[in-house]
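Reading through the structure tokens given below for one structure.
Where a number appears in this text, it was derived from the coordinates with a stated rule and is not lab data. Note that the structure is predicted; figures quoted are calculated from it, not measured. Cβ placement follows ideal geometry from the backbone for every residue including glycine, while neighbour counts extend to all protein chains displayed.
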Amino acid sequence: MRPPQPPLVELRGVRAAYGPIEVLHGVDLTLGAGEVLAVLGPNGAGKTTLLNVLAGLHPLSGGDVILAGRRVNAASATARARAGLCLIPEGRGVFPNLTVRENLRMAAGVARQAARSEVEEAAYARFPRLRDRRRQLAGTLSGGEQQMLALARGLATDPAVLVLDELSMGLAPLVVEELYGQVAGMAGAGVSVLVVEQFARVVMGVADRAALLTHGRVAAVGRPHEIESKLSSAYLGGVR
Amino acid sequence: MTDTSERIEQFRADVADMKLRDPATGLDRLLVKLGVAGLVAGPCFGVAAWFISHGTRNPLQQRDAIVLGLLGLTFAVVGAALFVKGALAGFLRFWMARLVYEQQVQADRLAAQGNGGRRYPAG
């Protein structure tokens, strides 16, 4: 019998600070292969910092980041990205002064076993709207199109772990639905997804598990329906 | 896209092969400090060599002073290179982050102008 595989991502007692102010106070989370984990929480809970720590963009002040069973605290963001950890940051993670096509070509530079044309075609197949905009500067796209481009660029790198930060921020509900449809498709194909959302409802339908982060601590972890009942009392202030 | 289980195995293999630098060594900072030390020590060696060579008529001692002066020059050149490398890397990282941010702000401004003053149209 094969020994059980460690989770793809494990955060163990993660602490992080901005100067003297600690914002993560010992966060423990795991993400299995092919799992979708939603991290929910109000503004200022430390969600984005947690993702930055995982991606290697923010230094740890304590605890461990473990990928595929190996402690990688000292690994650079580049090394983690090369291994297959793809972070799509909050807002618009695109190069605004490059065209849609050029943005996709940037991704082709780090994509595994994929030619530029394949990367472009895969992106256009996922998001047909981007094909019409391929010669347009990314900075002049609408918010939804920029987010589509960011997602397409991330997916072009063939990630093993996809980390999404506030995918729905500032977007129309229909666009959010379309984007999360793509995320669900990726998860269905077996990619592990860690998604941070302030607006819990949009992600609950996609997630296998959810974690509630408040004041830099994990307040609860469980199935989405178990967490949903705790949301309003924990941070939404009555909003359901 | 590669087969999922194959991709996960590849991920595990890539993580296992990852070269990790021990952050406790702080190699970058150490190199910059060594660079500064070289920059300081180099001229000191040069001055010392000048005094040694002028304080004696013994050609053997004068040759030692020449060696000392050349050592000082080497320290200064290597130190300067290390310092510039460390300082420039930090500066360029900051400059690039700032450039990307400024371009994003500029693009937002143009998009808002072309859109009747509305910012970031959703969808």
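Rounded if a/c is under 1.5, else prolate if a/b beats b/c, else oblate: with a ≥ b ≥ c from the C-alpha gyration tensor eigenvalues square-rooted, which is the range A:103-223?
prolate
Once label points are set 7 Å from the Cα along Cα→Cβ at both B:Ile52 and A:Ser61, what is their separation, rounded to one decimal in nm?
5.0
Bin all alpha-carbon pair distances of the range B:26-113 at 10 Å intervals from 0 and give each bin's fraction as a whole percent.
Going from the shortest bin to the longest, the percentages are 18, 25, 19, 15, 11, 7, 4, 1.
Kindly put A:Thr49, A:Thr30 in sequence by how many other C-beta atoms sit within 10 Å of each C-beta, fewest to most.
Result, fewest neighbours first: A:Thr30, A:Thr49.
Once fully extended, how much extra length lies between B:Leu20 and B:Phe94, figured as 0.36 nm per residue of separation less the alpha-carbon to alpha-carbon distance?
Once the chain is fully extended between B:Leu20 and B:Phe94, it gains 24.3 nm.
Got the relative contact order for the range A:94-158 handy, in percent, Cα pairs under 8 Å and 6 or more residues apart?
For the range A:94-158, the relative contact order is 49 percent.
In what order do A:Val36, B:Val40 fall by count of nearby beta-carbon atoms within 10 Å, going from fewest to most?
B:Val40, A:Val36
Give the average over all directions of the projected area of the C-alpha convex hull of the protein assembly as shown, one decimal, in nm².
25.5
Could you sort the peptides A:214-226, B:50-62, A:137-149 by per-residue average Cβ neighbour count (10 Å cutoff), highest mean leading?
Ranked from most to least packed, the peptides come out as A:137-149, A:214-226, B:50-62.
Please report the antiparallel percentage of the DSSP beta bridges confined to the protein assembly as shown, to the nearest 5.
Beta bridges within the protein assembly as shown, antiparallel portion: roughly 55 percent.
Mind checking which of A:Val65, A:Val203, A:Val23 has the largest fluctuation in a GNM of chain A, springs on alpha carbons under 10 Å?
Looking only at A:Val65, A:Val203, A:Val23, the largest GNM fluctuation is found for A:Val23.
Evaluate the relative contact order of chain A (contact order divided by residue number), counting alpha-carbon pairs under 8 angstrom at least 6 apart; express in whole percent.
27
Distance from a point 7 Å along Cα→Cβ of B:Leu70 to each backbone N in the range B:33-57: keep the residues under 19 Å and list them by number.
Only B:42-54 fall inside the zone, counting backbone N under 19 Å.
For the range B:34-42, in order, what is each residue's ³J(HN,Hα) by Karplus, 6.51 cos²θ - 1.76 cosθ + 1.60 with θ = phi - 60°, in whole Hz (x at glycine and Pro)?
4, x, 4, 4, x, 5, 7, 5, x
Which residue, chosen from A:Pro128, A:Ala16, A:Met169, occupies the Cα position most advanced towards the positive end of the dipole of the protein assembly as shown, where the dipole is computed from +1 (Lys, Arg) and -1 (Asp, Glu) charges on Cβ about the Cα centre?
Value: A:Ala16.
Taking amide H positions as placed 1.01 Å from N in the peptide plane, with prolines and chain starts having none, which residues 5 or more places from A:Glu22, or on another chain, fall under 5 Å of its amide H?
HN-HN under 5 Å from A:Glu22: empty list.
For a label point 7 Å from the Cα of B:Val84 along Cα→C-beta, name the residues of the range B:39-62 whose backbone N is under 18 Å from it.
Zone members listed by number: B:39-43.
If I model a spin label as a point 7 Å beyond the Cα along the Cα-Cβ vector, how far apart are those points for A:Glu22 and B:Leu60 in nm?
6.5
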